[in-house]
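A.B. asks: Got a structure here, written out as structure tokens. Questions coming.
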Amino acid sequence: PGERPAAPAAAGGSVSLLQDSSTSAHRSSGGSLRASAGRGARAEASQRQQLLERALGLLREEGGRLKSETLSVLAARTVADPFLKVKTLIQRLIERLLSEATSEATKRGFCDTKLSKALQDRTFRYEAAMKLNAELRSLEAKKDSLEMEISDLTGSKAALEDTLQTATGDRAVDKSNNLADIKTAEEGLHAITEAIMILKTFYKDAAKATVLVQKASPVDEDTSGPGFEGAYRGAQQASKGIVGLLEVIKADFSRTVRKTGKAEEEASAAFVEFDRSSRADIAGKGTKLTLDGEDLKTADGTILSKMQDMQSNMDLVDMALKEVEALKPMCIDTGMSYAERVAKREEEVKALQKVFCILDDAGVEKTLCGSWGY
């Protein structure tokens, strides 16, 4: 940059010489100016070529260090390009990289928001599905328990009903037999009591019998007589045995009536108690069966509802995973992290800024290069 202002100074010097020396020939003065301008142009071209080579060398060096395809390609493309075109290309590339940085920051915000939401949705829905799965396991266990209990209750209730029905039939038969036995015994008791009374009356009356005065009977005359003399009093000694035997039979009938009646009362009381407890047990099991049936119906409905909810949550988990997969190429699988890309781009921009300022031989971009630290 120090040599560029020299050209105007030389030209100015040549003009002064033309003004001070009026004796110089015009042809000689014109030739000197053209020669001076040619030397200045060659010097400027040489200087720019040196600057360009220095800039391209820096581009190649930074491209290799940063493994930057952008810088390496630029260095290869601009070898044969004019000085000013190279400077323009670098300036545009700097602007493009800065624009990319802004765009990627925007994309980064978009990716962070979308990925965060998708991952949160996936986690939330997965946890909800796992919670529903645990609830379903509990409900399935409850359902199995209810079904087993309903089966047991149905079996035991049916057994109780069969037992009660059989006991009711047996009780009816037993009662009928007992009543028949009691009736028979009572009839026998009544008959034997009457017989005893008749015999006792007969023998009592016979013992008091007297002989009545009467004419001789033709029968007595033709036969040996009645076989006894005097009034007939019956077999008083034998009657005692007969009456005693009848008394024993009477006692048996009485005992049968009493014992059978007592047995019937006890059997009836026991059956009433059994009937009441059985019916209460049957009713209780019936109520429990009704409640268990309602609980089972509720459990089935809840299981169906929660299975649908779990399926919905798993579908949402799949959707969230698909969204994450869709975002991967743009937001995750980029070959390097966001921080690495930002750092590399900043290094590329710095390298380009340095090259740009190297090529600013006239100091036109002095202020801009100063803001960049060059």
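A.B. asks: For residue 322, which lysines qualify as cross-link partners when the Cα separation must be under 27 Å and same-chain residues fewer than eight apart are set aside?
C.D. replies: Result set, ordered by chain and number: 107, 114, 117, 131, 306.
A.B. asks: On the first, second and third principal axes, largest extent first, how far apart are the outermost C-alpha atoms of the range 236-336 in Å?
C.D. replies: Per principal axis, max minus min of the Cα coordinates gives 141, 22, 12 Å.
A.B. asks: Taking 0.36 nm per residue of sequence separation and subtracting the Cα-Cα distance, how much length would be gained by fully extending the chain between residue 303 and residue 186, in nm to one decimal? Kindly include the intermediate steps, with their values, before the conclusion.
C.D. replies: Details: separation 117, 0.36 × 117 = 42.12 nm, distance 7.00 nm.
The residue 303-residue 186 span can extend by a further 35.1 nm.
A.B. asks: Work out how much length residue 120 to residue 105 would gain on full extension: take 0.36 nm times their residue separation and subtract the Cα-Cα distance, in nm to one decimal. Can you show the working numbers first?
C.D. replies: Numbers: separation 15, 0.36 × 15 = 5.40 nm, distance 2.20 nm.
3.2 nm is the gain from fully extending residue 120 to residue 105.
A.B. asks: If you don't mind, another one. Among the lysines, which have Cα under 28 Å from the Cα of residue 204 when same-chain residues fewer than 8 positions away are ignored?
C.D. replies: Of all the lysines, those that pass the test against residue 204 - Cα under 28 Å, at least 8 places apart if same chain - are 215, 240, 250.
A.B. asks: How would 90, 249, 192 line up from fewest to most surrounding beta-carbon atoms within 10 angstrom? Each step should come with its number before you reach the end.
C.D. replies: Values: 90 23, 249 16, 192 20.
By the 10 Å Cβ count, ascending: 249, 192, 90.
A.B. asks: Sticking with this structure for a sec: Would you mind ranking 60, 54 by Cβ crowding within 10 Å, fewest neighbours first?
C.D. replies: Ascending number of Cβ neighbours within 10 Å: 54, 60.
A.B. asks: Give the order of 73, 324 when sorted by the count of other beta carbons within 10 angstrom, beginning with the fewest.
C.D. replies: Values: 73 12, 324 17.
The most exposed by this proxy come first: 73, 324.
A.B. asks: Now for a different question. Would you kindly state how much longer the chain becomes between residue 255 and residue 288 on full extension, computed as 0.36 nm times their sequence separation minus their alpha carbon distance, in nm to one decimal?
C.D. replies: Working: separation 33, 0.36 × 33 = 11.88 nm, distance 4.84 nm.
Full extension from residue 255 to residue 288 adds 7.0 nm.
A.B. asks: Taking 7 Å along the Cα-to-C-beta vector as the label spot, tell me the residue 154-residue 50 distance in nanometres, rounded to one decimal.
C.D. replies: It works out to 10.7 nm between the two label points.
A.B. asks: OK, next. What nm value, rounded to one decimal, do you get for the distance between residue 144 and residue 172 when each label is placed 7 Å out toward the C-beta?
C.D. replies: Here the answer is 4.5 nm between the modelled labels.
A.B. asks: Let me know the Rg and Dmax you get for the range 59-189 when you use only its Cα atoms, in Å.
C.D. replies: Expressed in Å, the Cα Rg and Dmax of the range 59-189 come to 47.8, 153.
A.B. asks: Oh, and also: Between residue 67 and residue 318, take the C-beta separation as r, use R0 = 51 Å, and let me know the FRET efficiency to the nearest 0.05. The partial results should precede the final answer.
C.D. replies: Working: r = 39 Å, r/R0 = 0.76.
Efficiency computed from Cβ-Cβ geometry: 0.85.
Quick note: the coordinates plus some simple rules give every number you see, no bench work behind them. These figures come from a predicted structure and were not determined experimentally. Cβ: placed from backbone, ideal geometry, glycine included. Neighbour counts: every protein chain shown.
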